[in-house]
1. So which pairs qualify, if the first residue must be in region 32-47 and free of Cβ contacts under 8 Å to residues at least 40 places away in the same chain, the second must be buried (at least 18 other Cβ atoms within 10 Å of the Cβ) and of a type in the set (A, V, I, L, M, F, W, C), the Cβ gap must be under 6 Å, and the two must be at least 6 apart or on different chains?
2. Checking Glu255 against (1) in contact with a helix residue (DSSP H, G or I) (Cβ under 8 Å, 6 or more places away or on another chain); (2) crowded, with 21+ Cβ neighbours inside 10 Å, which single condition isn't satisfied?
3. What is the number of the single condition among (1) under 25 Å from Gly316 (Cβ atoms); (2) not assigned by TED's automatic domain parsing to the domain that holds Arg61 that Arg220 does not meet?
4. Does region 235-248 hold any residues that are touching a residue at least 40 places away in the same chain (Cβ under 8 Å) and either crowded, with 21+ Cβ neighbours inside 10 Å or out of contact with any Lys or Arg (no Cβ under 8 Å at 6 or more places or on another chain) (or both), and which are they?
5. Pull up region 281-313, narrow it to residues that are assigned to a loop (DSSP other than H, G, I, E, B) and under 11 Å from the mean Cα position of the chain (by Cα), then point me to the one that is farthest from Gln354 (Cα to Cα).
6. If a residue has to be of a type in the set (Lys, Arg) and not in a helix (DSSP H, G or I) to count, how many in region 221-268 make the cut?
7. Can you give me the number of residues within region 294-316 that are under 27 Å from Val368 (Cβ atoms) and in contact with a Leu (Cβ under 7 Å, 6 or more places away or on another chain)?
Amino acid sequence: MTVKITWARASARRLERQFLDTPAGTGTPVADVVASMLAAHAQVLSAAEVSVGVRAAGRTRTDVRTALWQADGSPASLLKTHGPRGTVHLLPTRELPLWSAALTAIPGTGRFAPDIRLTDAQATEVVAAIADALDGRTLTIDELDEAVVARTGPWAGDRVMPAFQDLWPRWRQVLHRAGQSGALCFGPNRGRKVTYTRPPRFTPLATAEALRTLVRRYLRTYGPATPPDFAKWLAAPGGWATTLFETCAAEGGIEEADFEGTRAWLAAGDTSFPEEPVRGVRLLPYFDAYVIAAQPRETLFPGAAYRRALAGGQAGNYPVLLVDGVVAGVWHQRRRGRRTTVTVEPLGKLSARQERELDERAERVGEVLEARAELVIGKVTSGPHA
């Protein structure tokens, strides 16, 4: 018999499983919190620090940075590298065998013109050159440019790749592939300059095993979900995701569910959900894993929230206020020295209890960022991803 799941129960379980219902206890390793989210978006590191901190009691940005880099600059229990969608994420170092095998198995989209695009052989050569150049070293992007060209040839350095009103060297189009394959990760900044190094060596899981595992973990964290949901989360082709789910179902690793009248999927046997809906307010930062992955988006961003808190339908561009598990406003924080002003724009009236809880949530954001927070309830004037 197909299990029937409501949005309220799915939402409650999703929040519970990634410590948004009750934060992880004091002393929980930062890497365990990141694992519960299936990676933390870290294009802006302070946002990742808040994502982790609001899920872990007592943790601050210092704990995240300590988990990222050892005293000598080498990776520790977390990696900052290219994860889902090719974007920069924090990943547990111990999970590299899984992530590398799964992410490198996703078919590419060939988004560059033929005269710019690297051939498969050239891409493989560049990734190997990056791994060699970063072995035991930490380099800036300019230093890595020189190292890659020296190991491959002038063709890799041709400035033909459009990027931010500039042209980058041809080889950089596979920078994300190098990160996903384990050839590269971020190191500590050198002043204002970003640096890269090489993660610890590892043996990737077998591709089929990695993909099966990732599907089941995704469903345990964000299910019930559909193949298009999974494809959107990974920026993968829809047909590929559908075939992958069919394979997992045939092998007995996942099972069908009725999710508000839609055919969706759960990890096999994982059919227990809370009976009570989630209550309370929460503040989630830019590109938080929950708002990116939880579907359907129209339900997570109901009514006015869909217009106010999304940018062209894309989630994550605004930090969001959750009320009872759905987006009900946006917020922004502006830091000045040891103080930060947290401005929250609710899309509806908050009760006195909710306002008191919101003050506590804002205070917690300040603690994570090691600042004293002041809550202001009013209009957020900053644009998306400000």
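The values are calculated or read from the model by the stated rules, or taken from the named source; none is laboratory data. Everything numeric here is computed off the predicted structure, so don't read it as measured data. Cβ sites come from the backbone with ideal geometry, for glycine too, and all protein chains shown count toward neighbours.
1. Here the result reads Val33/Ala24; Val33/Val52; Val33/Ala56, each pair linking region 32-47 to a residue that is buried (at least 18 other Cβ atoms within 10 Å of the Cβ) and of a type in the set (A, V, I, L, M, F, W, C).
2. (2)
3. For Arg220, the exception is condition (2).
4. Result: Ala236, Pro237, Trp240.
5. Result: Phe287.
6. 1
7. Matching residues across region 294-316 total 4.
One line per residue, one yes/no per condition, for (1) out of contact with any Gly (no Cβ under 6 Å at 6 or more places or on another chain); (2) buried (at least 16 other Cβ atoms within 10 Å of the Cβ); (3) more than 28 Å from Asn317 (Cβ to Cβ):
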position	(1), (2), (3)
Ser11	no, yes, no
Glu16	yes, no, no
Arg61	yes, yes, no
Ala71	yes, no, yes
His89	no, yes, no
Gly108	yes, no, no
